[in-house]
Amino acid sequence: MSDDIGVWFVGARGSVATTAVVGALAIRSGLAEPIGCVADLPELAVAGAPGLDRLVFGGHDVVEVPLAKRADLLAADGVLPPYLPAALATELAATDAELRPGVRAGDPDQRAQIDRIAADLSAFRERHGLARVVVVDVSSTEPPVPPDPAHESLAALDAALDAGLAPLPPSSRYAYAAFQAGCPFVAFTPSAGPRLPALAELAQNHAVPWCGSDGKTGETLIKTALAPVFASRALRVLSWSGVNLLGGGDGATLGDPTHVQSKIDSKARGLEAILGHRVDGPLHIDNVPDLGEWKTAWDHVHFAGFLGTRMTMQFTWAGCDSALAAPLVLDLVRLLARVHETGRGGPVAELAFFFKDPVATDEHRLATQVDMLVALAASLGAV
Ligand SMILES: NC(=O)c1ccc[n+]([C@@H]2O[C@H](COP(=O)([O-])OP(=O)(O)OC[C@H]3O[C@@H](n4cnc5c(N)ncnc54)[C@H](O)[C@@H]3O)[C@@H](O)[C@H]2O)c1
């Protein structure tokens, strides 16, 4: 067995996964610098996380577009430097050979699917003699999951699966399979994934660490840095409205009113926790196809100061979503692999820094999340 780490993307042919694969290959070949990667900052490097040169990539997707073609499209859209896809053609072809067909919402026999996904993960680990495989969900956002008694305990979930019922959305089938195969899981989307109580129980049983949900990459990142200013100065935020315009595959998915609700819910969570009271303000997410991989957000904050005097703060954010998300995905893989190596299982609240809707904590303030992450790194370094 080598000490290499497997990275298994659910949604492996999407923008975020492709950008992460191309980015990691480019950095370790000396073709790019690790800008935006935090795991090598001195205060986090003490964790002893595995380097990018130790990562081996594979994954599932429900489409078959070759990874090299996806990389070409991202380069044409300006997400990737134009010379990279050709320079990394051999490595991208090797990664393509590690991609397998995924499962879809309507597919029958969920137990068989879970077993097949788990077998794909185990085979990948064995084929490359990997120390561990971290599964990262970067697939299309699913609609919110309605309450189901089968989600409440592992016994109830297993009974439903054995009875041939279909209780799980795809993201949770992947999470089930990952835990069954002993793989740590990163929920980078707002989909239910591992967050059902039954799956949290399964992760605990297998002593597998997991984290999520929904990568905090752009507007919400800035929001959770700025909102504590109002709280600490006792200024009263009256409303915080936001408009998000985006294109690409994510824009198309979120253009669907059922799918977008998961994203709106996860984006809204932090503000109330930081300010300590409910805040009015509509939050719009609109699909604008010609924006491609770029997203523009406009936030309008209306607040009251001394004697009720009204004021506003506004900011606009124009980001390339996949370029913001990809380095975080790589950081998460490296840190979660290290957590797994130390033998810790269950939700990792200290990784809240990376997420809009962090598991096992209500802490949304960015600066405090940085402190939590630095403390985690120090504790990992001491093991
Ligand atoms: N880019 C960011 O800044 C950011 C931030 C937070 C969260 N996210 C989330 O990351 C996810 C990926 O974003 P993207 O821009 O790469 O989207 P994308 O549409 O480019 O890629 C999604 C991929 O998932 C695949 N997929 C869909 N259903 C699947 C299934 N059942 N099994 C396996 N694969 C499946 C699609 O075929 C596609 O290749 C989205 O859910 C998005 O909300 C992105």
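Summary of values
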{"item": "Residue list for the stretch 130-142, restricted to those being in a loop (DSSP other than H, G, I, E, B) and away from the ligand (no atom under 12 Å from the Cβ)", "result": "Leu130, Ala131"}
{"item": "Tabulated pairs, the stretch 44-70, first basic (Lys, Arg), second away from the ligand (no atom under 12 Å from the Cβ) and at pLDDT 95 or above, C-beta under 6 angstrom, 6+ apart or interchain", "result": "Arg54/Asp4; Arg54/Ile5"}
{"item": "Extreme residue, farthest from Ser140 (Cα to Cα), among residues of the stretch 310-323 that are near the ligand (Cβ under 9 Å from one of its atoms) and touching a Lys or Arg at 6+ places or on another chain (Cβ under 9 Å)", "result": "Gly319"}
{"item": "Pick from the stretch 71-115, criterion in a helix (DSSP H, G or I) and free of Cβ contacts under 8 Å to residues at least 12 places away in the same chain, ranking: surrounded by the fewest Cβ atoms within 10 Å (Cβ to Cβ)", "result": "Thr90"}
{"item": "Residue in the stretch 119-129 that is closer than 18 Å to Val63 by Cα and within 15 Å of the ligand (Cβ to nearest atom) present", "result": "yes"}
{"item": "Condition met for Arg127 (out of contact with any helix residue (DSSP H, G or I) (no Cβ under 7 Å at 6 or more places or on another chain), surrounded by fewer than 13 Cβ atoms within 10 Å (Cβ to Cβ) and either more than 13 Å from Pro167 (Cα to Cα) or touching a residue at least 24 places away in the same chain (Cβ under 8 Å) (or both))", "result": "yes"}
{"item": "Any hit, the stretch 328-347, residues being more than 16 Å from the ligand (Cβ to nearest atom), surrounded by fewer than 19 Cβ atoms within 10 Å (Cβ to Cβ), at pLDDT 95 or above and assigned to a helix (DSSP H, G or I)", "result": "no"}
{"item": "Where a residue in the stretch 148-177 is part of a loop (DSSP other than H, G, I, E, B) and its partner, wherever it lies, is modelled with pLDDT under 95 and of a type in the set (D, E, K, R), with Cβ under 9 Å and at least six apart", "result": "Gly164/Asp109; Ala166/Asp107; Ala166/Asp109"}
{"item": "Among the candidates Val279, Val301, residue that is surrounded by 11 or more Cβ atoms within 10 Å (Cβ to Cβ) and at pLDDT 95 or above", "result": "Val301"}
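The values are calculated or read from the model by the stated rules, or taken from the named source; none is laboratory data. For clarity, every value in this text was computed on a predicted model and none was experimentally measured. Note that each Cβ is placed from the backbone with ideal geometry, even for glycine, and that neighbours are counted across all protein chains shown.
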